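Engineer: Following this message is one structure expressed as structure tokens.
The values are calculated or read from the model by the stated rules, or taken from the named source; none is laboratory data. Note that this is a predicted model, so its numbers are computed, not measured. Every residue, glycine as well, gets a Cβ built from its backbone with ideal geometry; the counts of neighbours run over all protein chains shown. When the accessible area is computed, the model is the full protein with side chains, heavy atoms only, and any ligands, DNA or RNA have been set aside. Shrake-Rupley method; radii C 1.70, N 1.55, O 1.52, S 1.80 Å.
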Amino acid sequence: MLNQRLEKELNKQLNRELFSSYLYMSMGAYFQSVDLLGFSNWMHIQAQEELSHAQKFYHFINERGGRVILESIEKPETDWDNTLNAFEDTLKHEKYITSSINDLVTAANEEKDYATQIFLQWFVTEQVEEEASVNEIINKLRLMKDAPGAIFMLDRELAQRQFNAPAEEA
Ligand code: OFO
């Protein structure tokens, strides 16, 4: 059974994951508005992944006898200066999520809640992958320096991204 401290912290993380989904959906809408449909697709897949992360927290809290409390979701930004700026904000946000996951691991260690520690390991690994994939796109965008042909090529590449639901047992 979850103790009160972890129940509260896991609920806060559930809210952060829902906000992440909302933020990436907003970025998807921004890219749609500037006709970069591949970038928009990448953001929509990212939004779906974040929703699946939120569901993992939702189910875990319930499984451990806790109570899910849904709070309001903050309004995300709606506009970015350019493509690079949107991805830099994505990386900044993912770093914030990484540190909140790390804080949760610390709390689970302090509370000697081994099941929560194991549950969080999946997210620790996921954050390494997420930061790396966003960094890779940022590096490409910096090299491109807004060259329209290169942006168009990357847009085509990002249009290929598909949603893969995370493994159930994780
Ligand atoms: Fe962007 O990652 Fe969720 O946790």
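Engineer: Are there any trypsin sites (Lys or Arg not before Pro) in segment 12-68 that are in a DSSP loop and have at most 11 other Cβ atoms within 10 Å? List them by number.
Structural biologist: Passing both the DSSP loop test and the Cβ count: Arg67.
Engineer: What part of the accessible area of the chain, given as a whole %, is carbon or sulfur when the probe is 1.4 angstrom?
Structural biologist: 52 percent
Engineer: Strictly greater than 19 Å: what percent of every Cα pair in the chain meets that?
Structural biologist: Here the long-distance tail beyond 19 Å is 57 percent of all Cα pairs in the chain.
Engineer: Still on this model: So which residue, out of Ala150, Ala108, Ala86, gets the largest mean-square fluctuation from a GNM of the chain using Cα contacts under 10 Å as springs?
Structural biologist: Of Ala150, Ala108, Ala86, the Gaussian network model singles out Ala150 as fluctuating most.
Engineer: So what's the back-of-envelope 222 nm ellipticity for the chain, counting only DSSP H runs of four-plus at -39500 (n - 2.57) apiece and dividing by all residues, rounded to 500?
Structural biologist: For the chain, the value works out to -26500 deg cm²/dmol.
Engineer: Heavy-atom accessible area per residue, the chain, 1.4 Å probe: how many Å²?
Structural biologist: It amounts to 56 Å² per residue over the chain.
Engineer: For segment 63-170, which chymotrypsin sites (Phe, Trp or Tyr not before Pro) are in a loop by DSSP, counting at most 15 other Cβ atoms within 10 Å?
Structural biologist: Sites meeting the loop and neighbour criteria: Phe163.
Engineer: Grab the chain and count how many Lys pairs have their alpha-carbon atoms under 28 Å apart, sequence gap of 8 or more, or different chains.
Structural biologist: For the chain, qualifying lysine pairs total 21.
Engineer: Quick one: if you stick a label point 7 Å off each Cα along the C-beta vector at Leu91 and Ala29, how many nm between them?
Structural biologist: 2.6 nm
Engineer: Kindly write out, for segment 128-141 in residue order, the coupling ³J(HN,Hα) from the Karplus curve 6.51 cos²θ - 1.76 cosθ + 1.60 (θ = phi - 60°), rounded to whole Hz, with x marking Gly and Pro.
Structural biologist: Result, rounded to whole Hz: 4, 5, 5, 4, 5, 6, 6, 4, 4, 5, 4, 4, 4, 4.
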